[in-house]
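What follows is a short report on a single structure.
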Amino acid sequence: GKVDTFWHSCWSTCTTKESTYPHSITVDMKTVNKVSGIEFAQRQSGTRGVKLTEIEVSDDNVNWRTVGEYTLLNIITPQRVDFKKPESFQYFRIIIKSGYDEGGAAFVALGEVSPFILK
C-alpha cells in the first residue's frame, strides 16, 4: 500500500545464485481467491525495473502451475497484466527472468504487486 517502499533483489554480499536471474517472490494471500491478473508498480526511482516475468499459482505452496510470461514496461505508473482466464489460488509466485538494470547487472526492484481479486 506504499508505492515508495520496494522489494529489491540481493545486491550486496550476495552469493552467485542470489545475484543472478531468476529471482522470485512468493505471496500467500491466506485464502483462495479468484484472480484475473496482477497489477505491478516498478520502483518509483525509475531504476532497476523488472522486465520479463513468469507468474505461477498454487493452492498448497507445493504444486505450481504457470499462468504465463509477461513483459513489464519500464515506467513508474501502475501496470496490469491480465491472465488469459480467471484463476483460483491461494499462493502466487513471480519469477523475474530479466530486468532493465543499466550496466547488465541482474538487480531488480518492485514497488507494488497486487492481484485483482474477483468477488
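To one decimal place, what orientation-averaged projected area in nm² is obtained for the convex hull of the Cα set of segment 8-71?
With every direction weighted equally, the projected area is 5.8 nm².
Sequence gap at least 6, Cα distance under 8 Å: using those rules, report the relative contact order of the chain to the nearest whole percent. Each step should come with its number before you reach the end.
Details: 285 pairs, mean separation 50.4, N = 119.
Result for the chain is 42 percent.
With θ set to phi - 60° and the Karplus curve 6.51 cos²θ - 1.76 cosθ + 1.60, what are the ³J(HN,Hα) couplings of segment 43-59 in order, to the nearest whole Hz, using x for Gly and Pro?
Result, rounded to whole Hz: 3, 6, 6, x, 10, 6, x, 7, 10, 9, 10, 10, 10, 10, 10, 8, 8.
Given the whole protein assembly as supplied and a 1.4 Å probe, what does the accessible area of residue 117 come to in Å², nearest 10?
The value for residue 117 is about 70 Å².
Step through the residues of segment 74-79 one at a time and calculate ³J(HN,Hα) from phi using the Karplus curve (6.51 cos²θ - 1.76 cosθ + 1.60, θ = phi - 60°), rounding each to whole Hz and writing x for Gly and Pro.
Each residue of segment 74-79 in turn: 8, 10, 8, 6, x, 9 Hz.
According to a simple spin-label model (label point 7 Å from Cα along Cα-to-Cβ), what is the distance in nm between residue 97 and residue 7?
Between residue 7 and residue 97, the simple spin-label model gives 1.8 nm.
Leaving out ligands and nucleic acids, note down the accessible area per residue over the chain with a 1.4 angstrom probe, in whole Å².
Per residue, the chain has 58 Å² of solvent-accessible surface.
Counting Lys and Arg as +1 and Asp and Glu as -1, what is the net charge of the other residues whose Cβ lies under 12 Å from the Cβ of residue 73?
The answer is +2.
In terms of the ratio Rg/(2.2 N^0.38 Å) built on C-alpha atoms, what value belongs to segment 35-96?
For segment 35-96, the normalised Cα radius of gyration comes out at 1.16.
Going by amide H atoms built from the backbone, whose H comes under 5 Å of the H on residue 68, apart from near neighbours?
Amide H neighbours of residue 68: 55.
Could you tell me how many cubic angstrom of Cα convex hull volume the chain has per residue?
110 Å³
Got a number for carbon plus sulfur as a percent of segment 1-70's accessible area, 1.4 Å probe?
Of the solvent-accessible surface of segment 1-70, carbon and sulfur hold 50 percent.
Counting only the heavy atoms of the protein chains, how much of residue 93 is accessible to a 1.4 Å probe, in Å² to the nearest 10?
50 Å²
The values are calculated or read from the model by the stated rules, or taken from the named source; none is laboratory data. In this text the structure is predicted, and so the values were computed from the model without any measurement. Positions of Cβ are backbone-derived with ideal geometry, glycine not excepted, and every protein chain shown enters the neighbour counts. What goes into the accessible areas is simple: the full protein's heavy atoms, side chains included, and nothing from ligands, DNA or RNA. Shrake-Rupley method; radii C 1.70, N 1.55, O 1.52, S 1.80 Å.
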